[in-house]
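To start, the structure under review is shown below, and the notes come after it.
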Amino acid sequence: MSDGPVVLGIETSCDETGLGVVAGTELRANVLASQVDLHARFGGVVPEVAARAHVESVRHLAHRALAEAGVHQADLGGVAATQGPGLVGALVVGFTFAKSLAWALGKPFIGVNHMEGHLFAPLLGDPEFAPPAVVLLVSGGHSQVVHMRDWGDYEILGSTIDDAAGEALDKTARFLGLGYPGGPAIDRLASEGDPGAVDFPRALADRPYDFSFSGLKTSLMTFVRTNHEAGTLPPLADVAASLQEAIVDVLVAKTFNAVEATGVEIVGGGGGVMANSRLRRRLQEEANRRGVRLFVPPQELCTDNGAMIAVVGSHKLARGEITNLNADVDAGLKL
Ligand code: KG4
Ligand code: ZN
């Protein structure tokens, strides 16, 4: 579908203002205004600050995305935006901007589920990605193993019963004084550490597809406090590498439990945590071992971006699935 409709996609569900342009699955532009620095001093995303920052950057980024794509507004097939899940005030900015632009241009508007955006993101790296597939979705707010039976037909096989994988990384990184967001910091530090140094727990071994990460967070905190007092704390790089390994171990195991049970030959990945270098390597090794194909987006398209919203928008538009301009955002939108 690389010659599908040209769509501008707008993502404002959290702390990144992302705008992308695709033609079908072909990436034409992807621009981003990250708010990480704005929120870093608060140690997490402040909803009101996020919404205001989206207001400041969305229009100018739309111009930049179209200019980089070499696409004139009049040549757009449609405009897509994230409808949910996310922070309501942040969602409203991109969603309303997109509806207004579509209305002014007389073009179709497509509301997109943010998680479906992550599900489709592997297409931006390789257009051969297609269902039936098992996709591991791991972000700051979600950890899910999804059986993608067909485009638009998803069965959530497993999910986290407490914290998401990214949330666990962010919270532990904050505890370790590594700053926000924690995932990239732990990824970097872990590359210099020994993943076998500390044996952190791998939870929910008795449930094939579900995750639990809050016990891991508690376990790390107890470990650090106890060993710090006793003067026996190993180098922080070893702690980070061991924590990362505990998370990666369960993500890989449960993904391939689902691959085995469903018999699919295609595995996908999406969401910010999929940018993790160790997770990417371990998934690739396991896919090779089992003779299945792994599709993960390039690292910059794992984290939130507008291109993944545009690619879902283009796909839906090609099927005539457009959204009424009266539609509203839904902070709790389900896949
Ligand atoms: O998908 P995303 O950008 O936003 C949400 O929808 O939540 O995911 C953000 C999450 C954060 O928890 C961040 O720490 C994590 O993705 N993350 C990473 C890496 N890059 C971002 N986690 C591990 N390793 C990374 N390299
Ligand atoms: Zn996301």
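The values are calculated or read from the model by the stated rules, or taken from the named source; none is laboratory data. All values reported here derive from a predicted model rather than from experimental measurement. Neighbour counts run over all protein chains shown; Cβ positions are idealised from the backbone, glycine included. The accessibility values were calculated without ligands, DNA or RNA, using every heavy atom of the protein model including side chains. Shrake-Rupley method; radii C 1.70, N 1.55, O 1.52, S 1.80 Å.
Points to keep in mind about this one:
- 3J(HN,Hα) along the stretch 268-282, derived from phi through the Karplus expression 6.51 cos²θ - 1.76 cosθ + 1.60 where θ = phi - 60°, amounts to x, x, x, x, x, 5, 5, 6, 5, 5, 5, 4, 4, 5, 5 Hz, with x in place of Gly and Pro.
- Antiparallel DSSP beta bridges within the chain, as percent of all bridges there, nearest 5: 60 percent
- Shape call, the stretch 1-148: gyration tensor on alpha carbons, a/c limit 1.5: oblate
- The chain - Rg and Dmax from Cα coordinates, angstrom: 19.9, 68
- For Lys254, the lysines whose Cα comes closer than 28 Å to its Cα, not counting residues fewer than 8 places off in the same chain, are Lys171, Lys217, Lys334.
- For Glu260, the solvent-accessible surface with a 1.4 Å probe is about 130 Å², rounded to the nearest 10.
- CD proxy at 222 nm, helix term only [per DSSP H run n ≥ 4: -39500 (n - 2.57); per residue of the chain; nearest 500]: -14000 deg cm²/dmol
- Of Asp238, Asp37, Asp75, the one that fluctuates the most in a GNM where the chain has Cα springs shorter than 10 Å: Asp37
- Over the stretch 131-296, equivalent-ellipsoid semi-axes from the Cα gyration tensor in Å: 29, 15, 14
- In Å², nearest 10: area of Trp151 left accessible to a 1.4 Å probe: 50 Å²
- Calculated FRET efficiency for the pair Thr222/Ala318, C-beta based, R₀ 56 Å, to 0.05: 0.60
- At the residue level, Arg207 shows approximately 90 square angstrom of accessible surface with a 1.4 angstrom probe and all protein chains present.
- Karplus-derived 3J(HN,Hα) values for the stretch 99-112, using 6.51 cos²θ - 1.76 cosθ + 1.60 with θ = phi - 60°, are 5, 5, 5, 4, 5, 5, 8, x, 10, x, 10, 10, x, 10 Hz; glycine and proline are entered as x.
- The phi torsions of the stretch 26-32, fed into the Karplus equation with coefficients 6.51, -1.76 and 1.60 and a -60° offset, translate into couplings of 7, 6, 9, 6, 8, 10, 8 Hz, rounded to whole numbers, with Gly and Pro shown as x.
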